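Worksheet: the structure to be examined is printed underneath.
The values are calculated or read from the model by the stated rules, or taken from the named source; none is laboratory data. It should be emphasised that the depicted structure is a prediction, and the values quoted were computed from it without experimental measurement. Glycine also receives a Cβ, built like all others from the backbone with ideal geometry; neighbour counts cover every protein chain displayed. Please note that ligands, DNA and RNA were not included when accessible areas were found on the heavy atoms of the full protein model with its side chains. Shrake-Rupley method; radii C 1.70, N 1.55, O 1.52, S 1.80 Å.
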Amino acid sequence: MKTSDMWTAAERPPSRFVSEAEFAAVTSAADFAWEHGLYFNTHLTINWALLGAPGAEDAQTELTAFLKCQREWFHSQGLPQAWVYSHECGRKHGLHSHFAIAVPGAVEGGPERNFRREFRQWAMGWPQRRLGRRAARSIRVRGPAVETPWLHWLLVHYLLKGYDRSAIVQSARSSPDGMPVLLGDLISAEWRDPGPVAMKSRVGVSRSLGPERRAAGAIPGFRSPRGPVIVDPFRNLRQPHATPTREPFRSRYEDGVRDVRGLYPAEYLDRIRNLPALDPLEDIDIEAFLAGLDV
């Protein structure tokens, strides 16, 4: 039974929307990752009911276990850990989670490996390792084989599509055109009712992208802040190199920017203006879009 089937229309708990504070947390983390060239090119979804955890308490336990294993996988590969996620509870899919993750493809000048392909294999095999059995369709992983930076913000906005439509991020008094700026004005994805999400947190970010690391201005285990991903396959993983302290990082949103032309890079804005409208009736419409980018 899906979580959404447990209630009648009258009994259904209220939907849990992404608040402005949660939007700020995810957007700031994403801006920090973007600044370091860590692009969210990989979209991972987990359907908790299909994984045998339809209720929020069991799903929370499984989420904690999955995050621990995911951190260990990235550490074992010598890769920086950069991702954001959100939870939804749809009528069609029940309780599920979306991740936008920075996984590099083949590293130029390095071993002939494609970390993105290896991560997909690892993630798809997690149910078998966790449960001792297959759990068909419980985990899906999508993403292009080649680096596609502008997908970073497309995935972030998709994760935030269940936002609070009443939230005002800039009052009419302070707005350049005299009109209030709503939270939805800053998100390109079509609004979607996220349902009654009973998880501990509505959204989350990896520790490396959180407030403490942004205050330090650097991502642990990342050799080249403000630059592209660099992977050293020969370094001793038991003795990670020290990451020097940098200037504290403040996202554009934290600096008060409320105009999308200042919040997001032009290459993303140019792309989404030419994208066909996503069908709001489909729960995971972006999956088909990303599938078309697979090479």
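Rolling a 1.4 Å probe over the protein heavy atoms gives segment 7-109 an accessible area of 34 Å² per residue.
Highest mean packing first, where packing is the average number of other Cβ atoms within 10 Å per residue, the peptides 140-152, 253-265 line up as 140-152, 253-265. Once the Cα-Cα distance is subtracted from the 0.36 nm per residue extended length, the SER15 to HIS75 segment shows a gain of 18.0 nm.
Normalised radius of gyration (Cα atoms, divided by 2.2 N^0.38 Å) for segment 82-180: 1.49. In terms of the mean number of neighbouring beta-carbon atoms within 10 Å, the peptides 52-62, 95-105 order highest first as 95-105, 52-62. Dividing the convex hull volume of the alpha-carbon atoms in segment 6-133 by its residue count gives 122 Å³ per residue. Note down the net charge around VAL260, summing +1 for each Lys or Arg and -1 for each Asp or Glu among other residues with Cβ under 15 Å from its Cβ. Counting the neighbours of VAL260, the net charge comes to -2.
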